[in-house]
Amino acid sequence: MNIFRLAGDMTHLMSVIVLLLKIHTIKSCAGISLKTQELYALVFAARYLDILLLIFLGSSFSIVWYMRRHRIVRRSYDKEQDTFRHHFLVLICLLLGLLINEKFTLKEIMWAFSLYLEAVAILPQLVLLQRTKNIDNLTGQYVFLLGAYRALYIVNWIYRYFTEPHYVHWITWIAGLVQTLIYADFFYYYFQSWKNNVKLQLPA
């Protein structure tokens with residue numbers, strides 16, 4: 001564990017707290033993609049087995065529960081706009097996990113699957129934000145923190161590459177780079193809105 005990984009994990013945790021804060025305090029999930037939340041829940045279920053990271057698993061499933069079952073929150077979910085076919089992402093990533101992994105064991109296949117799925121799990125959320133143009137502050141901060149978490153992990157990998165002998169993880173690196181590139185457009189508009197002090201909007 002180094003400062004970059006710790007910063008990445010804390011940024012990821014902050015993104016979850018921001019989203020849970022939004023859902024719990026204002027009883028709304030407007031602008032949040034249920035499909036992205038389901039994909040992240042699947043990512044964490046496939047990957048994490050230790051106690052600390054069970055927090056991410058539990059929080060992901062609680063967000064899905066809020067959006068699907070809570071009598072007030074579920075009314076604010078925009079099902080008509082959140083139509084990204086996320087099942088295709090799951091199937092493609094599962095196939096990649098079966099074909100491209102470190103070792104052909106269940107644990108390694110699930111690990112690779114979770115990396116591939118995490119790389120693209122934000123796509124339904126970004127598509128929803130482009131369609132609805134409904135980006136309130138908490139939703140924007142949530143997506144920004146998720147992207148920043150992955151960017152900080154890239155710095156962590158670079159640091160470890162230069163400080164640890166034989167530190168090479170191509171699958172993790174490529175999936176993380178793809179994930180960060182997917183956020184690039186969002187980051188640009190996020191910083192533009194912050195710089196110009198205007199409401200965040202993504203082009204259609």
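The values are calculated or read from the model by the stated rules, or taken from the named source; none is laboratory data. Nothing here was measured: the structure is a model prediction, and the numbers come from that model. Cβ coordinates were reconstructed from backbone atoms using ideal geometry, including for glycine residues, and neighbour counts include every protein chain displayed. These area figures cover heavy atoms from the full protein model, side chains too; ligands, DNA and RNA do not enter into them. Shrake-Rupley method; radii C 1.70, N 1.55, O 1.52, S 1.80 Å.
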For N2, residues with placed amide H under 5 Å, excluding near neighbours: none
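Quickly rank 122-128, 82-88 as a protection proxy: mean count of other C-beta atoms within 10 Å, highest first. Each step should come with its number before you reach the end.
Numbers: 122-128: 20.9, 82-88: 15.1.
Ranking, from highest mean packing down: 122-128, 82-88.
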The chain: Lys pairs at Cα distance under 29 angstrom, eight or more positions apart or on different chains: 17
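Send over a whole-number figure in Å² for the accessible area per residue of the chain, probe 1.4 Å. Show your work: numbers first, answer last.
Working: 11170 Å² over 204 residues.
It amounts to 55 Å² per residue over the chain.
Taking the Cα centre of region 3-196 as origin and charging only Cβ (+1 Lys, Arg; -1 Asp, Glu), how large is the dipole, in debye to the nearest 20? Mind dumping the intermediate values first?
On the way: 19 positive and 12 negative charges, 129 e Å.
Computed charge dipole of region 3-196: roughly 620 debye.
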Fraction of accessible area attributable to carbon and sulfur, the chain (%, probe 1.4 Å): 67
Burial order of peptide ranges 5-13, 165-173 (average beta-carbon count within 10 Å, highest first): 5-13, 165-173
The chain: most fluctuating residue of A121, A175, A184 per GNM, C-alpha cutoff 10 Å: A184
Inter-part distance where region 1-43 and region 86-137 are each reduced to a Cα centre, Å: 16
Relative frequency of Cα-Cα separations exceeding 21 Å in the chain, percent: 53
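Which residues make up the longest stretch of the chain clear of GluC sites (Glu not before Pro) that lie in a DSSP loop with no more than 16 other Cβ atoms within 10 Å, not counting the sites? Kindly include the intermediate steps, with their values, before the conclusion.
Values: sites that count: E80, E102.
So the longest stretch without any such site is 103-204.
Quickly estimate the mean residue ellipticity at 222 nm for the chain, helices only: each DSSP H run with n ≥ 4 gives -39500 (n - 2.57), and the total goes over all residues, rounded to 500.
Details: 8 runs with 147 residues, N = 204.
It lands at -24500 deg cm²/dmol.
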